[in-house]
Amino acid sequence: MTECIRVLIADDQAITRTGLQHLLAEDTGIEVVGAARTGAETVALAESLQPDVILMDLRMPDGNGIEATRRIYRASPHVGILVLTVFEDDASVFPAIRAGARGYLLKDTQQDELLRAIRTVAQVEAIFSPGIAQRVLSYLSARRWWQRARLLTNWHRASVRFSKGSPKDRPTARSQYS
């Protein structure tokens, strides 16, 4: 039997935290170990609980999700951070990835995709929702792409390259760079 994936939920909206807790409780392979309302609380809980994955909202009081991601990644790079937000603009996506997020999903993601993304991030792989992957690809393919490409790691580039198509058909970044 495999161990449960330990998840910390970080979102300032109580209904979102509660909904995610109930959704994740249905999966026997995932254990919610905590929930945070602010960026500072997320950083503190990440340090004390050492979860496998953090579901991170970007807009929270007392330190936003990008700053919390940066601080957690520096202190505990083994903790996978999966951004779960409504924001899909460049000013949100790219700073989150640069801060250390392994994944970026929008809150309209289906339950099965969220569960798959949690498992992917827990396995030290990257995952992006299709719209985010397309945004990253467009950014990298724009004029002077070679200057922008250095902003992303090989691991992120491989993930973006393979995030299109059916989940069954796409290899992972780990298989490319292991």
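A few notes on this one:
- Residue in region 103-115 that is over 14 Å from Leu20 (Cα atoms) and out of contact with any Ser or Thr (no Cβ under 8 Å at 6 or more places or on another chain) present: no
- Residues (surrounded by 19 or more Cβ atoms within 10 Å (Cβ to Cβ) and not in a helix (DSSP H, G or I)) located in region 101-117: Ala101, Arg102, Gly103, Tyr104, Leu105
- Of all residues in region 33-74 being hydrophobic (A, V, I, L, M, F, W, C) and in contact with a Pro (Cβ under 7 Å, 6 or more places away or on another chain), the one that is farthest from Arg119 (Cα to Cα): Ile66
- Every condition in (1) under 25 Å from Glu26 (Cβ atoms); (2) in a helix (DSSP H, G or I) is met by Glu125 except one, and the failing one is (2).
- Region 60-85, residues that are modelled with pLDDT of 95 or more, surrounded by fewer than 19 Cβ atoms within 10 Å (Cβ to Cβ) and assigned to a loop (DSSP other than H, G, I, E, B): Ser76, Pro77, His78
- Scanning region 40-82 for residues that are touching a Leu at 6+ places or on another chain (Cβ under 7 Å) and among the charged types (D, E, K, R) yields a count of 1.
- In this structure, Arg17 does not satisfy being in contact with a Gly (Cβ under 7 Å, 6 or more places away or on another chain) and among the charged types (D, E, K, R).
- Here Ala99, Ala68, Ala75, Ala117 are screened, and the one residue that is touching a residue at least 12 places away in the same chain (Cβ under 8 Å) and touching a Lys or Arg at 6+ places or on another chain (Cβ under 9 Å) is Ala99.
- Candidates in region 5-59 are the residues that are assigned to a helix (DSSP H, G or I) and polar (S, T, N, Q); of these, the one that is surrounded by the most Cβ atoms within 10 Å (Cβ to Cβ) is Thr42.
- Some residue of region 62-69 being within 10 Å of the chain's Cα centre (by Cα) and farther than 21 Å from Arg37 by Cα: no
- The one condition from (1) under 21 Å from Ser129 (Cα atoms); (2) part of a helix (DSSP H, G or I); (3) modelled with pLDDT of 95 or more that Ser92 does not meet is (3).
The values are calculated or read from the model by the stated rules, or taken from the named source; none is laboratory data. Predicted model, so just to flag it, every value in this text is computed and none were measured. For neighbour counting, all protein chains shown are included, and Cβ atoms are generated from backbone atoms with ideal geometry for every residue, glycine included.
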